[in-house]
Amino acid sequence: MPVICAASRPEKCEWDMSNTYIIEVGSESAGIVVRDRAGFRFFSASRRFSSLDGKLFRSAREAERAAKKRALSQKSACPDFVKSLRRALPKFRF
């Protein structure tokens, strides 16, 4: 965390905490969280994370964990769909 200090008065130092964080899952931008009076509010960057849009979290780290959990739950749903397609379609050679 950066520290802001007045050179002439080091006793007046204060911690500068960011009010906005970018949340990424892997190489994909999930969204941003903005500090609110009650915590951190999530704003999604893609439809994949829209279920978290507007949700309030206690910390930016908690929002990051929720985005990762969301991404993992969607990955696990995809293979079942692909498996059902493979069973439904005859095997073609390309």
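The values are calculated or read from the model by the stated rules, or taken from the named source; none is laboratory data. Since this is a predicted model, take the numbers as computed values, not measurements. Neighbour counts are summed over all protein chains in view; Cβ atoms, including those assigned to glycine, are modelled from backbone coordinates with ideal geometry.
Of all the residues that make up the stretch 43-76, how many are hydrophobic (A, V, I, L, M, F, W, C) and in a helix (DSSP H, G or I)?
Number satisfying all stated conditions: 8.
In the stretch 23-36, what residues are at pLDDT 90 or above and more than 14 Å from Lys68 (Cβ to Cβ)?
Within the stretch 23-36, Ile32, Val34, Arg35 meet the criteria.
Please go through the stretch 28-42 and pick out each residue that is farther than 16 Å from Gln74 by Cα and either aliphatic (A, V, I, L, M) or not in a strand (DSSP E or B) (or both). First the steps, then the outcome.
We begin by selecting, within the stretch 28-42, every residue farther than 16 Å from Gln74 by Cα; these are 31-42.
Matches in the stretch 28-42: Ile32, Val33, Val34, Asp36, Arg37, Ala38, Gly39.
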